[in-house]
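Chemist: Below is one structure. I have some questions about it.
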Amino acid sequence: MANKLHILFLCGWYPSRVLTNNGDFIQRHAQAVATKHKVSVLHIITDKNCKKKIEISIDRKKGVTTYIAYVKQTKNRLIKGYRFYLAFKRLMKLIGEIDLVHLNEIYPFGIFIFLLNKPYIISEHWTGYHQPQAKNLAKIHLFLSKIITRNATFICPVSNNLKQALEFLGLKGNYQIVPNVVDTHIFHPITKSKKTVFTILHISNMIDEHKNVSGLISAVSELNFPYQLILIGENSNQYKSLTKSLGLSKNVTFINHIPHNEVSKYIQQADVFTLFSNYENLPCVILESFACGIPVISTNVGGISEFFPETFGYLIKKNKRHELVEKLTLLYQKPIKNELEMHNYAKQHFSYKNIATDFSKLYEKTVS
């Protein structure tokens, strides 16, 4: 594309001083797009520590200028809504003229689209649109979401599975799948020294209903070979009592939040990345493991199978603990060694360059 556009990333989720990891996958999309275009991020979030009604923060990192409004907490929904509106107007005044909007989160943040007379595309990542979780969506949520998606030039879920979930709910539009992005310069294979202990890595938000961390811990307790399970994520210590009750205190390491640029170091040293989730879309950490040449064992949920070559690990059924034990044992006995193929696959499908090109093509069609 010859023209460099000014793209507004309108984000309901985004890393902030309130939630440091919230929507970091959106941040990486923005950084990828910033390699080809001017990108401004707009995000508004309630902050209980706000002393003023609205506090503005502006930051620039990796080519992305981020405008965040922190809104003083209130129990009154009308006051909260009005403060969000005022914050939005203030931020847009700072951002200035834009060419198009890249909306990240259909609802409720998509309501701001009605205040902008600009063409827009949508990226959506939320697992809440899948069944049975979607049964809890409010009628107003679905009503407004149908209007927002219908008027978008493109809707870009990260997987075909999420596309089908959105369509099932009646959210019609022009769908184009654009997956999550991986920094393949940071996530790459390394030469590892030989070790006697098999390292199983799990990185997540540590929410058991979602990630089934307790099921993973219970499964590894049945392994009959030397292993170390590393759990990385905020509040991972909540599972200490479970590991103690299973006699695994020496086998499990707990690490709370770490910066994203340090995640690669743990993946590169692992023998397998494992996800035993009950539901997913397309977890970045699986793609990052591929980029590092590390095999993956995951439950076959959401859109994971759409970007999971069969030689890169194993997909198992949800809640089937014996399958997890079986595949971990098989991988211990017969390691998968195709690091270069895995990295090249990640580079071809999820690199900053490729994702930026995919979005640029959609932007060009949107403004033409």
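Chemist: If you go through region 37-45 one residue at a time, do you hit one that is over 23 Å from ASN21 (Cα atoms) and open to solvent by less than 100 Å² (accessible area, probe 1.4 Å)?
Modeler: Checked region 37-45: at least one residue is over 23 Å from ASN21 (Cα atoms) and open to solvent by less than 100 Å² (accessible area, probe 1.4 Å).
Chemist: Just checking, does region 53-70 include any residue being at pLDDT 95 or above, more than 23 Å from the chain's Cα centre (by Cα) and not in a strand (DSSP E or B)?
Modeler: Yes - at least one qualifying residue is present in region 53-70.
Chemist: Could you go through region 263-280 and let me know if any residue there is outside any loop (DSSP other than H, G, I, E, B), modelled with pLDDT of 95 or more, open to solvent by 10 Å² or more (accessible area, probe 1.4 Å) and among the basic types (Lys, Arg).
Modeler: yes
Chemist: Related question: Pick out the one residue from LEU100, LEU116 that is farther than 23 Å from VAL178 by Cα, at pLDDT 95 or above and open to solvent by less than 40 Å² (accessible area, probe 1.4 Å). Please lay out each step first, then the result.
Modeler: Values: LEU100 fails: farther than 23 Å from VAL178 by Cα.
Only one candidate passes the filter, namely LEU116.
Chemist: A further question follows. Testing LYS135 on (1) assigned to a helix (DSSP H, G or I); (2) open to solvent by 80 Å² or more (accessible area, probe 1.4 Å); (3) at pLDDT 95 or above; (4) basic (Lys, Arg), one condition comes back false. Which one is that?
Modeler: Looking at each condition in turn, LYS135 falls short on (3).
Chemist: Is it true that SER214 is open to solvent by less than 30 Å² (accessible area, probe 1.4 Å), farther than 13 Å from VAL272 by Cβ and polar (S, T, N, Q)?
Modeler: No: the conditions fail for SER214.
Chemist: Please determine, by comparing only the residues of region 145-203 that are under 18 Å from GLN269 (Cβ atoms) and touching a strand residue (DSSP E or B) at 6+ places or on another chain (Cβ under 6 Å), which one is most open to solvent (accessible area, probe 1.4 Å).
Modeler: It comes out as VAL197.
Chemist: Give the residues of region 1-22 that are among the small types (Gly, Ala, Ser), out of contact with any strand residue (DSSP E or B) (no Cβ under 6 Å at 6 or more places or on another chain) and more than 17 Å from ILE121 (Cα to Cα), sorted by residue number.
Modeler: ALA2
Chemist: Among the residues of region 31-79, which ones are under 25 Å from SER204 (Cβ atoms), among the aliphatic types (A, V, I, L, M) and touching a residue at least 60 places away in the same chain (Cβ under 8 Å)?
Modeler: The one that is under 25 Å from SER204 (Cβ atoms), among the aliphatic types (A, V, I, L, M) and touching a residue at least 60 places away in the same chain (Cβ under 8 Å): ALA32.
Chemist: Another question about this same structure. Within region 289-368, which helices (runs of 4 or more DSSP H) (wholly inside it) include 2 or more residues that are surrounded by fewer than 21 Cβ atoms within 10 Å (Cβ to Cβ) and touching a Gly at 6+ places or on another chain (Cβ under 9 Å)?
Modeler: Helices (runs of 4 or more DSSP H) meeting the threshold: 321-333, 339-350.
The values are calculated or read from the model by the stated rules, or taken from the named source; none is laboratory data. These figures come from a predicted structure and were not determined experimentally. Neighbour counts are summed over all protein chains in view; Cβ atoms, including those assigned to glycine, are modelled from backbone coordinates with ideal geometry. Please note that ligands, DNA and RNA were not included when accessible areas were found on the heavy atoms of the full protein model with its side chains. Shrake-Rupley method; radii C 1.70, N 1.55, O 1.52, S 1.80 Å.
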